[in-house]
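Encoded as structure tokens, the structure appears first; notes follow it.
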Amino acid sequence: MALGRHLSLRGLCVLLLATVVGGQALEVRLKDGAHHCEGRVEVKHQGEWGTVDDLNWSMEEAAVVCRQLGCGGAIDAPKRAHFGPGIGPIWFRYIYCKGPESAITECSYPPVKDHRPEGNSHDKDAGAVCSGWLRLKDGAHHCEGRLEVKHQGEWGTVNDLNWSIEEAAVVCRQLKCGAAVDAPKGAKFGPGIGPIWFHYIYCKGPESAITECSYPTVKDHRPEGHSHDKDAGAVCSVLEVRLKDGAHHCEGRVEVKYQGEWGTVNDHNWSLEAAAVVCRQLECGAAINASREAHFGPGIGPIWFQYIYCNGTESVLTECSYPPIKDHHAESLSHDGDAGAVCSDLEVRLKDGAHRCEGRVEVKHQGEWGTVNDHNWRLEEAQVVCRQLGCGAATDALRGAHFGPGIGPIWFRYTYCHGLESVLTACTYPVPKDYHPEGLSHDQDAGAVCSTIM
């Protein structure tokens with residue numbers, strides 16, 4: 001049973017808020033998600049609902065939508081029509097927000113119009129997933145506490161019948177809080193107030209949200225004899241990660257610290273995408289190899305992860321998909337299958353400018369210099385390049401091969417930075433590879449101009 005059918009009749013009941021664009025009311029909603037706080041972002045302009053193209057779409061933009069709808073914080077900013085393609089106009093070709101704005105009309109965007117004639121399609125509709133209907137309350141921090149769910153505008157709790165580490169793991173994953181280290185029962189964080197919305201929840205553990213688990217009809221179960229003395233809770237912890245027994249700290253066997261003990265990751269499904277996330281989390285640059293079969297020697301202790309599946313853009317390993325964390329020795333796994341990673345701190349330079357602090361952005365990967373495509377290229381990304389090169393602040397982020405087209409690979413199809421990162425590889429980006437086959441050309445090489453002249 002889908003939670004959205006009780007929380008919002010799966011997209012039919014939407015929360016709307018009016019803002020103003022050019023003197024006209026602009027309503028915003030999330031459509032075709034499991035509940036009214038997730039879905040495809042749609043805006044109403046001139047009486048017609050339309051969508052937002054995902055160019056530049058990020059957690060900052062999703063955060064503003066979630067805030068505008070009273071749906072709490074953003075926990076994901078899906079792109080490429082994750083919730084299905086919309087219909088009608090594409091009102092926004094892009095939106096750029098800093099994050100603290102209260103409505104998307106406080107952000108930067110081009111004139112609101114139907115952008116389909118410019119070649120945009122609904123295959124790139126932006127979406128948002130907000131945390132507003134799920135939270136952990138009365139713990140030491142936002143990643144531990146009594147589990148509470150918002151239904152019909154009212155916060156309530158979950159009964160601890162069947163509550164286990166598997167259910168807590170899904171809550172922690174959904175809230176981007178890392179791994180579950182405990183699933184306390186018996187109102188450990190104090191009894192809640194109000195309804196007990198869930199009589200029980202049953203999860204297998206790998207689900208990305210509790211709405212993918214099994215549960216009865218959502219309603220106030222107090223009349224059935226339940227009390228808040230049995231409220232369920234969760235304790236989450238972002239896992240420490242390291243690379244061990246390599247030639248340096250950016251290569252080696254992947255090890256994870258859980259419940260105070262270092263263990264390993266089995267290489268079932270291990271890929272360059274997963275290694276890329278480890279390298280990014282350690283700020284070790286790009287992944288150049290995802291070794292298997294205990295290439296760096298077998299580890300000792302628990303095998304915490306039976307497998308991990310990443311798409312390569314996650315910022316930490318715990319944002320990927322994985323089963324409940326436990327010692328999998330009992331499942332006949334051995335350290336002969338320990339996974340490893342080899343990372344390379346990418347060299348960065350600015351080329352063909354008037355001095356070394358301006359020019360076309362180039363990155364050295366696997367011994368070869370290549371360029372960065374200007375998709376999503378902004379002052380934030382240029383700022384990180386300037387900082388990494390010790391060139392002061394970024395004064396311009398140039399696109400369209402302003403400093404001339406480069407040669408060789410186009411290593412990055414895009415990069416997304418907050419602007420505060422110390423190196424480019426601390427930003428979000430796909431696995432570095434030559435993107436020429438995908439139709440990109442050096443006519444879109446990104447450039448930067450920094451304030452320091454050296």
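Quick notes
- Per the Debye calculation on the stretch 240-344 with a single equal scatterer at every Cα and no solvent contribution, log₁₀ I(q)/I(0) for q = 0.10, 0.14, 0.15, 0.22 Å⁻¹ amounts to -0.21, -0.42, -0.49, -1.13.
- Local net charge near D160, Cβ-Cβ under 12 Å (Lys/Arg +1, Asp/Glu -1): +1
- Note on N269 and D220: with the Förster distance fixed at 35 Å, the Cβ-Cβ geometry gives a FRET efficiency of about 0.25.
- From most to least packed by mean Cβ count within 10 Å, the peptides 38-51, 292-305, 372-385 give 372-385, 38-51, 292-305.
- You can think of it this way: the chain between S108 and T452 has 121.1 nm of extra reach, that is 0.36 nm per residue less the Cα-Cα gap.
- For the stretch 35-131, the gyration tensor built on C-alpha atoms gives a prolate shape. Its axis ratio a/c (a ≥ b ≥ c) is at least 1.5, and a/b is the larger of a/b and b/c.
- Looking at the chain alone, DSSP beta bridges between its own residues are antiparallel in about 90 percent of cases.
- Other residues lying with their Cβ under 11 Å from the Cβ of T452 contribute a combined charge of +1, Lys and Arg counting +1, Asp and Glu -1.
- Think of it as helices only: each DSSP H run of n ≥ 4 in the chain is worth -39500 (n - 2.57), and spread over all residues that comes to -2500 deg cm²/dmol at 222 nm.
- Ordered by the number of other Cβ atoms lying within 10 Å of each residue's own Cβ, fewest first, R67, R242, R280 fall into the sequence R242, R67, R280.
- Stretching D182 away from R292 to a fully extended chain increases their span by 36.6 nm, per 0.36 nm per residue minus the current alpha-carbon distance.
- Averaged over residues, the count of other Cβ atoms within 10 Å places the peptides 167-177, 102-112, 332-342 in the sequence 167-177, 332-342, 102-112, highest first.
- Remark on the stretch 134-237: Rg and Dmax equal 12.0, 35 Å (Cα only).
Read the figures in this text as sums done on the coordinates, not as results from a lab. This structure is a prediction, so every number in the text was calculated from the model and none was measured. Positions of Cβ are backbone-derived with ideal geometry, glycine not excepted, and every protein chain shown enters the neighbour counts.
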